[in-house]
């Protein structure tokens, strides 16, 4: 029979769990993702400035 946890049990278990720092590769992936997102956002803003999207 499967053991069932209530919400309070789950919250308590998460509260007791030790904090796990990000690995160096995870930090690099986050940085790359944010950088790519910002570059694409700026690129779209510049493109929209020169070629406005009108419908």
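Between the Cα long axis of helix 7-16 and the first principal axis of the chain there is an angle of about 80°, rounded to the nearest 10. Multiplying the residue separation of residue 10 and residue 34 by 0.36 nm and subtracting their alpha-carbon distance yields 5.5 nm. Considering all different alpha carbon pairs of the chain, the Kirkwood hydrodynamic radius works out to 15.8 Å. Between 0 and 90 degrees, the angle of helix 24-50 with respect to the longest Cα principal axis of the chain falls at about 30 degrees. In a Gaussian network model over the chain where Cα atoms closer than 10 Å are linked, find which of 40, 14, 23 has the largest mean-square fluctuation. With Cα springs under 10 Å in the chain, the top fluctuation among 40, 14, 23 is at 14.
Every number here is computed from the coordinates shown, using simple stated rules; none is lab data. Treat the numbers as computed from the prediction; the structure is a model and nothing was measured.
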